[in-house]
Amino acid sequence: MRQFILGIVALGLTAGCTFSAVTPRTAVAPPAPSPSTLVLGQIVVADPSWESAAVVFKRGVSDWLGRNGGFQGVLIEPPPETAPDSVVLRGTITEVDKGSAVLRFLIGMGAGQAQVKGAFEIARPDGAVLASFTARESYLGGAGIGGAGLLDTDDLIRRFAETVAKTTRDWARGESIK
């Protein structure tokens, strides 16, 4: 029993506090039947110094959907001609902020949080927008008030990508964006 309690305490001390939020902008019902393929379209990063975030983001979306399902296929690069039963996810990563590890550790409670934000659209192959939303992922540090830095920026971008992937999958299943 003692080892179990120590294991739970160790897990709590190494867990990082991340929070995600999705805000719908517009949405119509997905086409029937549900889209079979998700094409990852153009992902723009507003700050050129974070251009590599687009690659990490696309890989994160693809990996999450590969593990959790939702589409028969996920294409990281758009094909020359997109199948009519596909949808395209495109968007802009509007902010990548590493935050301050010092503030997260010394103050905690949200000070120095790292954030990734973006605006996304789910569109038909002809470009008509079916849904749009904004998303945010924040990292507040780990181990309570004085959180140590347990996630790097790429990890946070991957978690952000997972939030966007889940939102896209849920929409394709007919659920509202939330």
Please state which of the following conditions Asp63 fails to meet, knowing it meets all the rest: (1) over 13 Å from the mean Cα position of the chain (by Cα); (2) under 22 Å from Glu175 (Cα atoms). (1)
The listed residue being within 19 Å of Gly41 (Cα to Cα), at pLDDT 85 or above and surrounded by fewer than 18 Cβ atoms within 10 Å (Cβ to Cβ), out of Ala161, Ala119, Ala131: Ala119
Of the residues in segment 68-97, those that are modelled with pLDDT under 95 and closer than 17 Å to Glu121 by Cβ come to Pro78, Thr82
Looking only at segment 46-55, count how many residues are within 22 Å of Ser132 (Cβ to Cβ) and within 14 Å of the chain's Cα centre (by Cα). 2
Give the residues of segment 73-91 that are under 18 Å from the mean Cα position of the chain (by Cα) and β-branched (Val, Ile, Thr), sorted by residue number. Val74, Ile76, Val87, Val88
Which listed residue is part of a strand (DSSP E or B) and hydroxyl-bearing (Ser, Thr, Tyr), from Ser34, Ser49, Ser20, Ser62: Ser20
The residue that is nearest to Val88 (Cα to Cα), considering only those in segment 162-178 that are in a loop (DSSP other than H, G, I, E, B) and of a type in the set (D, E, K, R), is Arg173
Being within 17 Å of Ala119 (Cα to Cα), at pLDDT 95 or above and touching a Phe, Trp or Tyr at 6+ places or on another chain (Cβ under 9 Å) is true for just one of Pro35, Pro24. Which residue is that? Pro24
Exactly one of Val61, Val96 is touching a Lys or Arg at 6+ places or on another chain (Cβ under 9 Å), surrounded by 20 or more Cβ atoms within 10 Å (Cβ to Cβ), closer than 28 Å to Gln115 by Cβ and in contact (Cβ under 8 Å) with a residue 60 or more places away in the chain, and that residue is Val96
I need every pair where a residue in segment 167-178 that is more than 12 Å from Gly69 (Cα to Cα) and among the charged types (D, E, K, R) has its Cβ under 9 Å from the Cβ of a residue that is modelled with pLDDT of 95 or more and in a helix (DSSP H, G or I), sequence separation at least 6 or different chains. Glu175/Arg169; Lys178/Thr167; Lys178/Asp170
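The values are calculated or read from the model by the stated rules, or taken from the named source; none is laboratory data. Computed from a prediction, not measured in an experiment: that's the story for all the values here. Please note: Cβ atoms are built from the backbone with ideal geometry, for glycine as well, and neighbour counts cover all protein chains shown.
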